[in-house]
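Working notes for the structure below.
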Amino acid sequence: MIGSNLLRVASIASIATFAFGTTAANAQSLVINDEETMIIQAPAAAHLENMDEVFSGWNFRTVETQALQMDDFDNPGMIFVDQAIDQWDTVDGAAGESCGSCHEGGTAEFAGLRTVLPRWDEDAGGIQSMADYINECRTERMQAEAWTWSSSKMTAMTALIGLESRGMPVDVVIDGPAADAWELGKEIYYTRVGQLDMSCANCHEDNYDTMIRADHLSQGQINGFPSYRLKNAKLNSTHARFKGCMKNIRAKPFGEGSDEFRALELYVASRGNGLSVEGTSVRN
């Protein structure tokens, strides 16, 4: 009943959004640094049966928040990217190596990587996200300690590497060996859980572009992650956001880096196929 009431409030609030808010239908263009135009609206992928178009979360933010992302100088998330640049050449671990020791071409070597992650990895025998690859390098090549999934160093490094793919369209693979994980992610996305008896789809498919209290619901796209949230003044990983959503509906979340969240990340990423990787986005 609580979940039904919440959704009913969202439907009523959509009237106020139509009258006073910035909606996805009338959003302006996202051009970063006056030179990089992002794809913030695209035809929905064939596997999305209930949606015709997909929209970046940028469309659902206030004009003031949107403006922060349009200039790297104003984007507060870029502070963490600068920290990752320093970390790149920092020697860490028993091997006496840094990221730059192996990747002599710098982060430019990773152009396009963010567009296809997460993905099936034959050697790992499962779905791997960028955080997995970073920790593989740290533990096996640098002989350093792994970073926790949503630590400041990890989110900063994923932001730096992801920036090399900014403007490129998301294009994750969901068939072949990735199919089972994708199906699991889809099941999690549509399964009602928690005391509020809600699923991801209840907000981000059934009621996006409506208001719940002060929050303008988006489609929950992750093409802009890691994302700087004004709410907690730091970069947030995709899995941290999944965890936060599950807590919001009073459900017990899966662990960050778990197979369940990797599968959910793959499914949600596939919902945004065709949207631009936005590098470090700014959200509420």
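The numbered conditions (1) buried (at least 18 other Cβ atoms within 10 Å of the Cβ); (2) more than 19 Å from Val54 (Cα to Cα) are all true for Val193 except (1). Scanning segment 78-94 for residues that are more than 22 Å from Val282 (Cα to Cα) and surrounded by 14 or more Cβ atoms within 10 Å (Cβ to Cβ) turns up Gln87, Trp88, Asp92, Gly93.
Evaluation of Ala214 against the conditions (1) without any contact (Cβ under 8 Å) to a residue 60 or more places away in the chain; (2) touching an Asp or Glu at 6+ places or on another chain (Cβ under 7 Å) shows that the sole unmet condition is (2).
None of Asn223, Asn232 is in the same structural domain as Glu36 (by TED's automatic domain parsing) and either in a strand (DSSP E or B) or buried (at least 17 other Cβ atoms within 10 Å of the Cβ) (or both) except Asn223. With a requirement of 3 or more residues that are under 28 Å from Ser218 (Cα atoms) and modelled with pLDDT of 95 or more, the helices (runs of 4 or more DSSP H) lying completely within segment 55-165 that satisfy it span 63-69, 78-88, 130-136, 152-162. Tell me, please, whether a residue that is on the phi < 0 side of the Ramachandran plot and touching a strand residue (DSSP E or B) at 6+ places or on another chain (Cβ under 9 Å) can be found in segment 100-114. No, segment 100-114 contains no residue that is on the phi < 0 side of the Ramachandran plot and touching a strand residue (DSSP E or B) at 6+ places or on another chain (Cβ under 9 Å). Only a single criterion out of (1) buried (at least 17 other Cβ atoms within 10 Å of the Cβ); (2) closer than 27 Å to Asp259 by Cβ is not satisfied by Glu97, namely (2). Contact annotation: residue pairs with Cβ atoms under 8 Å, 6 or more positions apart or on different chains, pairing a residue in segment 258-284 that is closer than 23 Å to Pro177 by Cβ with a partner that is of a type in the set (Ser, Thr, Tyr) and in a loop (DSSP other than H, G, I, E, B), are Arg262/Ser129; Glu265/Ser129; Gly272/Ser56.
The values are calculated or read from the model by the stated rules, or taken from the named source; none is laboratory data. The structure displayed is predicted, hence computed values, not measured ones. So basically every Cβ, Gly included, is an ideal-geometry build from the backbone, and we count neighbours across all protein chains shown.
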